[in-house]
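The values are calculated or read from the model by the stated rules, or taken from the named source; none is laboratory data. Computed from a prediction, not measured in an experiment: that's the story for all the values here. Here the Cβ positions follow ideal geometry from the backbone for every residue, glycine too, while neighbour counts run over all protein chains shown.
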Amino acid sequence: MSDTTDSPKTGAQTLVSTLVSQGVDICFANPGTSEMHFLAALDNPAMKSVLCLFEGVATGAADGWYRMTDRPASTLLHLGPGLANGLANIHNAKRASSGMVNIVGEHSSKHLQYDAPLTSDIEGLARPLSHWVRRVDSAHSIAWDATAAVQAASSHPGQIATLILPGDASWQQAGETLPVPPVTRQGRVPDAARIAHVAKVLRSGEPALLILANKATRGTALALAGKVGAATGCRLGSQFFTARLERGAGRTPLERIPYAVPQAIAFLKQFKHLITMETVEPVAFFSYPDQPSLLKSPDTQVHTLAERDEDSARALEMLLDELGATAIAGLTQPRIDTPCPTGALAPIPIAHALAHAIPAGCIVVDESLTTGRETMGYTMGAAPHDLINNMGGSIGYSPPVATGVALACPDRPVLCMVGDGSAMYTIQALWTQARENLNVTTVIFANRKYAILQAEFTNMRAGTAPGKQARAMIEIDNPTIDWLAMAKSMGLPARAVETVEDFTRAMIEGLAEPGPKLIEVRL
């Protein structure tokens with residue numbers, strides 16, 4: 001890594017070398033005129049630069065990078081409109097507790113008074129979706145500003161840091177810079193009295209569900225949760241969407257709380273106690289007429305084992321010690337060999353195809369929405385893999401996130417599942433995948449409609465069925481998107497499948513071969 005004491009000549013060079021010294025060594029960029037000096041500074045060999053053709057791809061890729069490395073990436077965005085283009089996936093990253101350092105270019109200080117066409121309130125745009133916002137005052141302060149941004153982004157849980165870089169601060173000489181303190185990445189130690197209370201609840205024998213989220217759904221914390229389940233009979237679960245879940249054969253199995261409100265209420269009704277780790281009690285994704293927002297039964301009690309900013313593994317260690325169960329073997333998911341399915345394409349055969357085809361070590365980035373709602377229950381016994389979900393609900397997240405994931409883990413296959421409507425939001429990610437030769441297999445479920453909205457039309461009781469005009473707003477078959485031509489134009493090989501056998505074969509072959517490719521599943 002570069003040392004900030006090397007005294008680079010410009011503020012931009014100081015900024016890049018400071019980011020690198022603090023562990024931020026990749027930048028997802030969509031630059032403009034005001035960022036040319038920062039662009040020149042990216043020639044630092046310790047910083048990897050990745051060009052994205054849309055700012056929402058850059059911010060989504062930074063989210064994916066963090067989810068696999070627990071280290072923030074940087075983005076480079078062009079003034080207020082560039083930041084605005086990236087906000088949807090910044091929202092998703094914030095909901096996933098992903099750390100990110102956004103560098104947003106700005107006009108030079110002397111130019112702002114003239115209200116040039118691209119002048120905007122960048123702070124006003126950034127603050128609702130950023131935990132930390134700062135405007136650089138001068139090149140002399142830039143090392144400290146950058147360090148503060150990385151400190152914020154690297155906290156637990158991860159945070160969105162936005163650093164606004166005026167052009168003059170970028171091109172002026174920084175002068176001598178002082179050494180800056182290293183970044184710390186530690187969660188708080190949980191309260192011992194709270195741990196003792198949860199242990200008492202679990203000893204009661206009353207039905208309990210331990211709900212894991214964020215860093216509790218992987219690594220040491222997940223394995224320790226398996227010990228708690230084995231020791232107490234407590235059920236283990238997760239919210240319907242998770243930032244990153246390690247699952248499959250040999251790992252601690254978690255039950256997924258259903259998405260649909262009636263099914264979620266029925267599932268949670270059986271528990272007297274809900275115990276949360278780095279999350280809150282289950283809440284409906286939307287508000288529906290005559291349906292509750294909170295999904296638990298009124299007499300169900302909610303207990304916190306680990307707050308969002310606490311060390312989940314430490315909390316579970318303390319709990320096992322309190323229970324006297326540190327030596328117990330944890331629960332593990334057995335391998336379930338799913339035969340290759342046959343017949344027509346439908347949600348359950350597609351789920352069986354995934355269970356059959358997912359290779360060990362695969363990272364599944366899921367935005368399949370309608371098609372994939374039933375998938376995960378059928379893939380619990382697949383080969384060990386990671387699952388990444390959209391925590392914020394702003395669609396068009398999975399191709400960009402898969403891009404960042406593949407750059408973070410170049411030796412692991414990545415399976416990106418997305419509906420055709422969602423894919424069109426950030427299809428530019430395919431170009432970056434081809435440019436970087438990333439190991440991403442993108443599966444497009446092409447039903448030629450916003451099928452999830454057809455279901456939500458009924459759930460919202462907007463009518464018995466959409467009328468002609470309403471139906472036209474949720475169908476995308478006129479004209480039909482040519483996904484094979486789209487992939488070719490972006491530099492990817494592609495194939496279409498119309499049977500579940502062909503789909504299974506295409507996935508196995510695609511995930512085994514390096515480089516990006518696309519599979520259109522014609523439903």
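Being under 22 Å from Asp366 (Cβ atoms), in contact (Cβ under 8 Å) with a residue 12 or more places away in the chain and either in contact with a strand residue (DSSP E or B) (Cβ under 7 Å, 6 or more places away or on another chain) or not assigned by TED's automatic domain parsing to the domain that holds Ser394 (or both): is that true of Glu520 here?
So Glu520 passes the test.
Find the residue count for segment 316-359, including only residues that are farther than 30 Å from His197 by Cα, among the aliphatic types (A, V, I, L, M) and in a loop (DSSP other than H, G, I, E, B).
Number of matching residues: 5.
Which residues, taken from segment 477-504, are touching a helix residue (DSSP H, G or I) at 6+ places or on another chain (Cβ under 9 Å) and under 17 Å from Asn439 (Cα atoms)?
Ala487, Met490, Gly491, Leu492, Pro493, Ala494, Arg495
Filter segment 354-411 down to the residues that are of a type in the set (Val, Ile, Thr) and within 22 Å of Arg335 (Cα to Cα), then identify the one that is modelled with the lowest pLDDT.
Thr375
If you take the residues of segment 145-160 that are touching a helix residue (DSSP H, G or I) at 6+ places or on another chain (Cβ under 8 Å) and within 16 Å of Asp25 (Cα to Cα), which of them is surrounded by the fewest Cβ atoms within 10 Å (Cβ to Cβ)?
Thr147
For segment 489-509, how many residues are free of Cβ contacts under 8 Å to residues at least 12 places away in the same chain and either outside the structural domain of Leu438 (by TED's automatic domain parsing) or under 16 Å from His352 (Cα atoms) (or both)?
2
Which helices (runs of 4 or more DSSP H) sit wholly inside segment 372-441 and have at least 2 residues that are of a type outside the set (S, T, N, Q) and closer than 27 Å to Phe285 by Cβ?
Passing ranges, in order: 398-408, 420-423.
Can you find, within segment 203-246, the residue that is surrounded by the fewest Cβ atoms within 10 Å (Cβ to Cβ) among those that are basic (Lys, Arg) and touching a strand residue (DSSP E or B) at 6+ places or on another chain (Cβ under 6 Å)?
Arg235
When Leu178 is evaluated against the numbered criteria (1) hydrophobic (A, V, I, L, M, F, W, C); (2) modelled with pLDDT of 95 or more; (3) not assigned by TED's automatic domain parsing to the domain that holds Phe271, which criterion, by number, is the only one it fails?
Against the list (1) hydrophobic (A, V, I, L, M, F, W, C); (2) modelled with pLDDT of 95 or more; (3) not assigned by TED's automatic domain parsing to the domain that holds Phe271, Leu178 comes up short only on (2).
Just to check your reading of the model, which residue among Thr59, Thr69 is β-branched (Val, Ile, Thr), under 15 Å from the mean Cα position of the chain (by Cα), surrounded by fewer than 23 Cβ atoms within 10 Å (Cβ to Cβ) and within 24 Å of Val405 (Cβ to Cβ)?
Thr69
Being within 19 Å of Arg218 (Cα to Cα) and surrounded by fewer than 17 Cβ atoms within 10 Å (Cβ to Cβ) is the filter here; which residues of segment 331-365 pass it?
Correct list: Thr332, Pro334, Arg335, Pro359, Ala360, Gly361.
List pairs: first residue in segment 15-30 and touching a residue at least 24 places away in the same chain (Cβ under 8 Å) and β-branched (Val, Ile, Thr), second residue part of a loop (DSSP other than H, G, I, E, B) and crowded, with 23+ Cβ neighbours inside 10 Å anywhere in the structure, Cβ distance under 9 angstrom, at least six positions apart or on different chains.
Close Cβ pairs satisfying both conditions: Thr18/Val24; Val24/Pro72; Val24/Ser154.
The conditions are (1) under 21 Å from Gln172 (Cα atoms); (2) touching a Leu at 6+ places or on another chain (Cβ under 6 Å), and Ile90 fails exactly one of them. Which is it?
So the condition that Ile90 fails would be (1).
Checking Ala313 against (1) aliphatic (A, V, I, L, M); (2) assigned to a loop (DSSP other than H, G, I, E, B); (3) closer than 17 Å to Ala213 by Cα, which single condition isn't satisfied?
Answer for Ala313: the failing condition is (2).
Just one of Ser293, Ser312, Ser238 is among the polar types (S, T, N, Q) and more than 24 Å from Pro190 (Cα to Cα); which is it?
Step by step, each of Ser293, Ser312, Ser238 is checked, and only Ser293 is among the polar types (S, T, N, Q) and more than 24 Å from Pro190 (Cα to Cα).
Residues of segment 89-108 being more than 30 Å from Thr69 (Cβ to Cβ) and surrounded by 15 or more Cβ atoms within 10 Å (Cβ to Cβ), which ones?
Once the filter is applied, which keeps residues that are more than 30 Å from Thr69 (Cβ to Cβ) and surrounded by 15 or more Cβ atoms within 10 Å (Cβ to Cβ), segment 89-108 yields only His107.
Hey, among the residues in segment 264-302 that are in contact (Cβ under 8 Å) with a residue 24 or more places away in the chain and aromatic (Phe, Trp, Tyr), which one's surrounded by the fewest Cβ atoms within 10 Å (Cβ to Cβ)?
Phe286
Take Leu415 and decide whether it is of a type in the set (A, V, I, L, M, F, W, C), closer than 24 Å to Thr252 by Cα and assigned by TED's automatic domain parsing to the domain that holds Ala355.
It is true that Leu415 is of a type in the set (A, V, I, L, M, F, W, C), closer than 24 Å to Thr252 by Cα and assigned by TED's automatic domain parsing to the domain that holds Ala355.
So, in segment 270-310, how many residues would count as being within 18 Å of Gly219 (Cβ to Cβ) and assigned to a loop (DSSP other than H, G, I, E, B)?
The number of residues fulfilling the criteria is 4.
Only one of (1) within 19 Å of Leu53 (Cα to Cα); (2) modelled with pLDDT under 95; (3) among the polar types (S, T, N, Q) is not met by Gln428, so which one is it?
It is condition (2) that Gln428 fails.
Filter segment 121-130 down to residues that are surrounded by fewer than 17 Cβ atoms within 10 Å (Cβ to Cβ) and touching a helix residue (DSSP H, G or I) at 6+ places or on another chain (Cβ under 9 Å) and give me whichever is nearest to Thr10 (Cα to Cα).
Applying the filter and picking the extreme gives Asp121.
Let's see how each residue does on (1) crowded, with 22+ Cβ neighbours inside 10 Å; (2) touching a strand residue (DSSP E or B) at 6+ places or on another chain (Cβ under 7 Å); (3) touching a residue at least 40 places away in the same chain (Cβ under 8 Å):
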{"residue": "Lys110", "(1), (2), (3)": "no, no, yes"}
{"residue": "Arg135", "(1), (2), (3)": "no, yes, no"}
{"residue": "Ile142", "(1), (2), (3)": "yes, no, yes"}
{"residue": "Ala169", "(1), (2), (3)": "yes, no, yes"}
{"residue": "Gln173", "(1), (2), (3)": "no, yes, yes"}
